[in-house]
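To start, the structure itself, in structure tokens.
The values are calculated or read from the model by the stated rules, or taken from the named source; none is laboratory data. Note that the structure is a prediction, hence the values are computed from the model and not measured. Every residue, glycine among them, receives a Cβ derived from its backbone with ideal geometry; neighbour counts consider all protein chains shown.
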Amino acid sequence: MSLKLLFFCAFIQVAWLEIVDKRILLNDPGQIEQRLRHLELEVQTLKTENENLKGRLDLRETFQKGGVAVYTRWGRNDCPSNVSEEVYSGYAAGGWWNDKGSPTNYLCLPPDPISSGKSVSSGCNHLFGVEYESGFWGQHSHNEDAPCAVCSSTSGSKILMIPGRDRCYPGWTEQYNGYLGTNRLDYTGATEYVCVDHHPQYLNGGERGTDGALFHPVTYQCGALQCPPYTSNEVVNCVVCTK
């Protein structure tokens, strides 16, 4: 049999199978329904991807115009979905709680670090994970490790953390609220005040007390601080706002 004839027979066979398949489909309501469901799922997937792409493009355009407020949500691995978008979520970190040379600021480390390829054996500072060093933060929170999330606001370009309030002033949009956290007063390492979310999360497997950087609550102390309106030994709340 010639090569042309073989190709012709193969073509006839494929065409016949397609005709049979179409006849079966037309005579089988179940298959029609299955195909329709499949098409609906594909359309929904395309719509979702389109919306996500549009959101990213809108966010990029806003970034280029300098109109986005970026902040860290301490104690959570997600961002408030209605007023912000997540840049990344990771691990709260800082200097050792009792080192004199510890830097003052906390950092939010990403989950996918890129190796520097370099190492130093001595004479350098260190980064440690952050632990909730108090049961104040929630049930069984003592010694748990803290996550964090870096968020970009979709509701404004200005950001403000207000200590002593759990609601924003009029004209501002709340991103989240919580309680002030920092190092303990009798520890050597200095740390900044940050707003730890009022409903904190814990990292998996982080319940061991390995110390490192710490979150302790903060309280008001009357004297030079006017009481009222403040109350001695009351925990300081906080709120993060954008405009």
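Would you confirm, using the coordinates I've provided, whether Glu85 is charged (D, E, K, R), closer than 14 Å to Tyr202 by Cα, in contact (Cβ under 8 Å) with a residue 40 or more places away in the chain and in contact with a Leu (Cβ under 7 Å, 6 or more places away or on another chain)? Talk me through it step by step, then tell me what you get.
On the way: charged (D, E, K, R): yes; closer than 14 Å to Tyr202 by Cα: no; in contact (Cβ under 8 Å) with a residue 40 or more places away in the chain: yes; in contact with a Leu (Cβ under 7 Å, 6 or more places away or on another chain): yes.
No.
Suppose we filter Gly95, Gly90, Gly75 for residues that are touching an Asp or Glu at 6+ places or on another chain (Cβ under 6 Å), touching a residue at least 40 places away in the same chain (Cβ under 8 Å) and assigned by TED's automatic domain parsing to the domain that holds Asp197; which single one remains? Let's see the steps before the verdict.
Numbers: Gly95 fails: touching an Asp or Glu at 6+ places or on another chain (Cβ under 6 Å); Gly90 fails: touching an Asp or Glu at 6+ places or on another chain (Cβ under 6 Å).
Step by step, each of Gly95, Gly90, Gly75 is checked, and only Gly75 is touching an Asp or Glu at 6+ places or on another chain (Cβ under 6 Å), touching a residue at least 40 places away in the same chain (Cβ under 8 Å) and assigned by TED's automatic domain parsing to the domain that holds Asp197.
Can you pull out the residues in the stretch 57-112 that are acidic (Asp, Glu) and either within 22 Å of Val196 (Cα to Cα) or at pLDDT below 90 (or both)?
Listed by number, the residues that qualify are Asp58, Glu61, Asp78, Glu85, Glu86, Asp99.
I'm checking my understanding of the structure. Among residues of the stretch 66-123 that are more than 11 Å from the chain's Cα centre (by Cα) and among the hydroxyl-bearing types (Ser, Thr, Tyr), which one is surrounded by the most Cβ atoms within 10 Å (Cβ to Cβ)?
Tyr106
Taking strands (runs of 3 or more DSSP E) that fall entirely within the stretch 148-209, which contain at least 3 residues that are assigned by TED's automatic domain parsing to the domain that holds Val235 and over 12 Å from Thr72 (Cβ atoms)? Give the derivation first.
Details: elements: 159-163, 173-182, 194-197.
The strands (runs of 3 or more DSSP E) meeting that bar are 159-163, 173-182.
Report the residue count in the stretch 124-153 for those that are of a type outside the set (Gly, Ala, Ser), surrounded by 18 or more Cβ atoms within 10 Å (Cβ to Cβ) and modelled with pLDDT of 90 or more.
6
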